[in-house]
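Report on the structure given below.
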Amino acid sequence: MNRRELMGAALGLAVAAAPGELFAQNVQRFRAAATPIEGDSLLWLAQSEGYFARAGIQLDVQALGSGDATAAAIVGGDITIGSLNTLSLATAHQNGADFKIVAAGAQFVSGRGVLELMVKAGSPITSGTGLSGKTIAVNVLHGSGQIASEAWVDKHGGDSKSVQWAEMPFGTMQAALESGRIDAAAIAQPWAAAALTTCRSLGVPNEAIAPRFLIGAYVALGSWIAANADAARQIRSALSACAHWYDTDPAASTQAVAVLTKQDPAVVAKSARTIFGETVTPALVQPLIDVGARYGILKSRFPAADIIAQL
């Protein structure tokens with residue numbers, strides 16, 4: 001029996017032993033969704049590691065492939081809570097969606113870059129100046145990786161308006177750099193680490209946004225939060241506690257993430273690990289709103305407090 005099965009069996013025995021099955025009857029059950037990658041793993045980890053169970057919550061977490069699919073599932077009532085990156089959340093808010101942040105997801109912290117702006121090893125490009133008029137690959141056009149790269153180019157002497165942007169998966173960017181089809185690429189870990197065999201990093205694009213900001217969050221409809229404030233508080237508390245465990249116990253969280261993502265634990269341990277936020281404040285959300293407005297992804301700047309649930 002593996003660790004997950006053992007934990008499930010232990011939890012089942014605990015529930016069965018509860019007097020009068022009162023505990024089982026009082027568990028609040030909701031549906032949720034996220035992408036099955038380490039940077040979006042908090043919902044699964046909070047469930048598998050027992051944080052939701054201790055809060056009297058059970059989430060049926062399903063895998064969805066994109067933020068758009070998650071947003072549509074929340075609006076359609078198929079799920080209660082799901083993960084969105086902060087820029088997508090801000091865009092949805094400006095388009096009239098009633099989304100509010102329940103809990104923090106992954107956050108960027110200076111010095112712990114998981115996205116690298118890379119060129120091939122022999123490239124003469126050494127700064128933003130050299131990227132003017134060049135082609136840079138990002139995984140999603142007009143996404144957070146692109147606006148971070150735009151901000152980095154401008155901050156380091158280049159002209160982001162002259163850059164040509166190409167969309168391609170992270171896994172194909174190294175080969176595209178080597179062949180000369182693109183001049184630079186914003187590559188996430190673990191692909192960035194692998195690309196160092198033939199490429200080099202110019203810097204960390206997110207550094208041009210702020211030293212610390214929230215990359216993603218777990219959100220629900222404001223109307224659901226208003227009607228289920230106690231459950232929303234329990235979910236926020238459980239995710240915060242799980243984030244603290246993940247951030248402070250690398251050995252344990254490495255094994256848990258390896259199980260979720262079906263990777264070798266040794267590979268997970270060597271990669272640049274995600275940092276999850278334990279709290280949500282306007283100061284952690286505002287930087288992406290501001291840069292999104294600056295580069296035309298958002299219609300205008302607005303206060304970050306508008307999209308944070310007051311629990």
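Assorted remarks:
- Test result for Ala137, assigned by TED's automatic domain parsing to the domain that holds Gln189, in a strand (DSSP E or B), modelled with pLDDT of 95 or more and surrounded by 22 or more Cβ atoms within 10 Å (Cβ to Cβ): yes
- When the strands (runs of 3 or more DSSP E) confined to the range 195-311 are screened for residues that are touching a strand residue (DSSP E or B) at 6+ places or on another chain (Cβ under 7 Å) and of a type in the set (Gly, Ala, Ser), those reaching at least 2 such residues are found at 199-203, 216-221.
- Here Ile187 meets each of (1) in contact with a Phe, Trp or Tyr (Cβ under 8 Å, 6 or more places away or on another chain); (2) not in a strand (DSSP E or B) with one exception, condition (2).
- Matching option when the condition is within 16 Å of the chain's Cα centre (by Cα), more than 30 Å from Met118 (Cα to Cα) and in the same structural domain as Leu59 (by TED's automatic domain parsing), among Val280, Val257, Val285: Val280
Yes or no, residue by residue, for (1) modelled with pLDDT under 95; (2) not β-branched (Val, Ile, Thr):
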| site | (1), (2) |
| --- | --- |
| Ser201 | no, yes |
| Val219 | no, no |
| Ala231 | no, yes |
| Ala238 | no, yes |
| Thr254 | yes, no |
| Asp264 | yes, yes |
| Val291 | no, no |
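- With respect to the conditions (1) in contact with a Gly (Cβ under 9 Å, 6 or more places away or on another chain); (2) without any contact (Cβ under 8 Å) to a residue 40 or more places away in the chain; (3) buried (at least 20 other Cβ atoms within 10 Å of the Cβ), Arg301 lacks only one, and its number is (3).
- Set side by side, the residues Thr80, Thr91, Thr86 differ, and just one is surrounded by 16 or more Cβ atoms within 10 Å (Cβ to Cβ), farther than 25 Å from Ala193 by Cβ, among the polar types (S, T, N, Q) and modelled with pLDDT under 95, which is Thr91.
- Helices (runs of 4 or more DSSP H) enclosed by the range 29-83 - at least 3 residues per element that are of a type in the set (Val, Ile, Thr) and not assigned by TED's automatic domain parsing to the domain that holds Ser240: none
- Residue count for the range 191-208 under the criterion of being under 23 Å from the mean Cα position of the chain (by Cα), farther than 23 Å from Ile147 by Cβ and in contact (Cβ under 8 Å) with a residue 60 or more places away in the chain: the result is 1.
- Some residue of the range 255-271 being over 30 Å from Gly96 (Cα atoms) and touching a Phe, Trp or Tyr at 6+ places or on another chain (Cβ under 6 Å): yes
- Among the conditions (1) under 16 Å from the mean Cα position of the chain (by Cα); (2) surrounded by fewer than 20 Cβ atoms within 10 Å (Cβ to Cβ); (3) not aliphatic (A, V, I, L, M), Arg233 misses just one, which is (1).
- Selection within the range 148-185: residues that are among the polar types (S, T, N, Q) and buried (at least 17 other Cβ atoms within 10 Å of the Cβ). The member of this set that is farthest from Gly292 (Cα to Cα) is Gln174.
The values are calculated or read from the model by the stated rules, or taken from the named source; none is laboratory data. Just so we're clear, the structure is a prediction, and the values are computed from it rather than from any experiment. Don't worry about glycine lacking a Cβ; one is built from the backbone with ideal geometry, like all the others, and counts go over all protein chains shown.
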